[in-house]
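The values are calculated or read from the model by the stated rules, or taken from the named source; none is laboratory data. Please read all numbers here as calculations on a predicted model, not as lab measurements. In this analysis, Cβ positions are derived from the backbone assuming ideal geometry, glycine residues included, and neighbour counts consider all displayed protein chains. We work out accessible area using only protein heavy atoms, side chains counted, and drop any ligands, DNA or RNA first. Shrake-Rupley method; radii C 1.70, N 1.55, O 1.52, S 1.80 Å.
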Amino acid sequence: MSDYAFEGLIGHLKRFDPFESNYVIPRRVEIWTPPEYLENTRQRFAVLYMHDGENLFDPSSSQYSHTDWGIDETITRLRSEHKIRPVIVVGMWSTEKRIVEYMPQRLPPGPALDHLNGMLKKHTPHPICSDDYLRFIVSEMKPFVDAHYRTLPDQQNTFVMGSSMGGLISLYAMCEYPLVFGGAGCVSTHFPIGRGIVLQYMQGNLPDPETHKFYFDYGTRTLDKSYGKYQLRADKILQEHGYVREQNWITRKFEGHEHSETDWRKRVHIPLEFLLKN
C-alpha cells in the first residue's frame, strides 16, 4: 500500500500493489478519494467500482491511447456544480486474463456459446472466469473498502462501471449481484462478442427496474461502429422488462466518437451524473 501522486491529480490516490485474492490473480488496485474526504471527516461516501483501473486517472499508465478518463477532474467538477453525491472510486487494474475475467460466464448453451469458446481459445488458454472476478469484487474488494473508508455500503450507493468488455462485466455484475449494486455504467459495451450472446443472458436476468438503473452508450467510428444494432436489441429487452428511458435507463449514441479513452473522457460526465445524481 502506498500513496500515489502525479502532476495534475485532484484528490488522493492510494495504490495497493498487489491486492491479493483467493479468487483471482493478484492485481493493482487504486482507491481515489476526493478533496472533501479529508475536509469533512463526518461525511460518508458512495462507491463506484471501475474496471481497467489503469486508464482512469494517470495518462502515463493508460494502455492504449495514453489518455486517461479524467475521473478525478470530472467528479470534482460535478461535485462543485452540485450534480452528484460524494463518491469514492475504486479502480481495479486489468490483467492478462482480462477477456475471460470480463466475459460474462453464465451464458446459454448453443451455437453462439460454441463460437465464443472457439474464438477465446485462439486468444487465451484460460477459461471464462468472470464469476470468480465478481466474487473478488463482492466478497473481498468491497468488504475491504467498506472497512477502511467512510462508505455508504448499501445497494443504492454502490455502483459499477467500465468500457468495452468492462461494459459487459458491469452489466453482468449488477444482474448477478442485484442486492449489492444499484447502478451500472456500460460504456461502448462490446455486445458483438459471441454473436450477441450476452443479449440472450439479459433476457432472463435483468434486476428489478424499481431499484436499479443502467447507462449504455456507443460511438459510430472504429470498433463502436458495429455496436448500434446490438444496442437497439438491448434497449428493446430493457423496455420489455419495465425499464423507462431517461428514468432508470439511458442509452446514448455519440456521432463521430471512437472506441478510445479519448472519447470516453469527453462523455464520462453523463454516466457519472446519471448514476450518482443527488
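Of the residues ASP208, ASP3, ASP131, ranked by 1.4 Å probe accessible area with the largest first, the sequence reads ASP3, ASP208, ASP131. Please state the shape class of region 178-272: rounded when a/c is under 1.5, otherwise prolate if a/b exceeds b/c and oblate if not, all from the C-alpha gyration tensor. Oblate, since a/c reaches 1.5 and b/c is not below a/b. Pairs with C-alpha atoms separated by more than 23 Å, drawn from the list LYS97/LYS121; LYS213/LYS277; LYS121/LYS236; LYS213/LYS236; LYS121/LYS142, are LYS121/LYS236; LYS121/LYS142.
How would you classify region 229-278 from its alpha-carbon gyration tensor, with a ≥ b ≥ c the square roots of the eigenvalues: rounded for a/c under 1.5, else prolate if a/b is greater than b/c, otherwise oblate?
Working: a/c = 3.29, a/b = 1.30, b/c = 2.52.
It is oblate, given that a/c is not under 1.5 and a/b is not larger than b/c.
Mind checking the per residue accessible area of the chain for me, 1.4 Å probe, whole number of Å²?
I get 42 Å² per residue for this part.
The heavy atoms of TYR218 present about 30 square angstrom of accessible area, all protein chains included, probe 1.4 Å.
Taking all protein chains in place and a 1.4 Å probe, what share, in percent, of the accessible surface of the chain do carbon and sulfur account for?
Numbers: 5970 of 11780 Å².
Whole-percent figure for carbon plus sulfur exposure: 51.
Region 114-153: D in µm²/s via Stokes-Einstein (Kirkwood Rh, Cα pairs, 10 °C, 1.306 mPa s)?
129 µm²/s
In straight-distance terms, cross-link reach from LYS229 covers every one of the lysines whose alpha-carbon lies under 17 Å from its own, apart from those fewer than eight places away in the same chain; here that gives LYS253. Add -39500 (n - 2.57) for each DSSP H run of 4 or more in the chain, then divide by its residues: what number comes out at 222 nm, to the nearest 500 deg cm²/dmol? Helix-only estimate at 222 nm: -9500 deg cm²/dmol. Judged by the gyration tensor of its Cα atoms, with axes a ≥ b ≥ c, region 155-218 is oblate; a/c meets the 1.5 cut and b/c is at least as large as a/b.
With N as its number of residues, region 1-88 has a Cα radius of gyration that, divided by 2.2 N^0.38 Å, comes to 1.13.
Electrostatic tally near ARG15: other residues with Cβ closer than 12 Å to its Cβ, Lys and Arg +1, Asp and Glu -1, net -2. Note on surface exposure: GLU240, GLU273, GLU36 rank GLU240, GLU273, GLU36 by accessible area, highest first, 1.4 Å probe.
Which of the following values of semi-axes √(5λ) of the Cα gyration tensor in Å was calculated from the structure shown: [x] 28, 21, 19; [y] 36, 24, 16; [z] 77, 18, 13? The calculated read-out lines up with [x]. Calculate, for ARG245 and ARG150, the FRET efficiency according to 1/(1 + (r/R0)^6) with r their C-beta to C-beta distance and R0 41 Å; round to the nearest 0.05. Step by step, r from the Cβ atoms, then E = 0.75.
With Cβ to Cβ distances under 12 Å as the rule, what net charge do the other residues near TYR218 carry (K, R +1; D, E -1)?
Working: positive: ARG221, LYS225, LYS229, ARG252, LYS253, ARG267; negative: ASP217, ASP224, ASP235, GLU255, GLU258, ASP263.
Once positives and negatives cancel, what remains is 0.
Using the alpha-carbon atoms, what tilt in degrees (0 to 90, nearest 10) does helix 165-176 show relative to the longest principal axis of the chain? Result, in degrees: 90. The residues MET119, MET174, sorted by heavy-atom accessible surface at 1.4 Å with ligands and nucleic acids left out, run MET119, MET174 from largest to smallest. Sorting 228-237, 186-195 by their mean Cβ neighbour count within 10 Å, with the most densely packed peptide first, gives 186-195, 228-237.
You can think of it this way: the chain between ARG44 and THR222 has 60.0 nm of extra reach, that is 0.36 nm per residue less the Cα-Cα gap.
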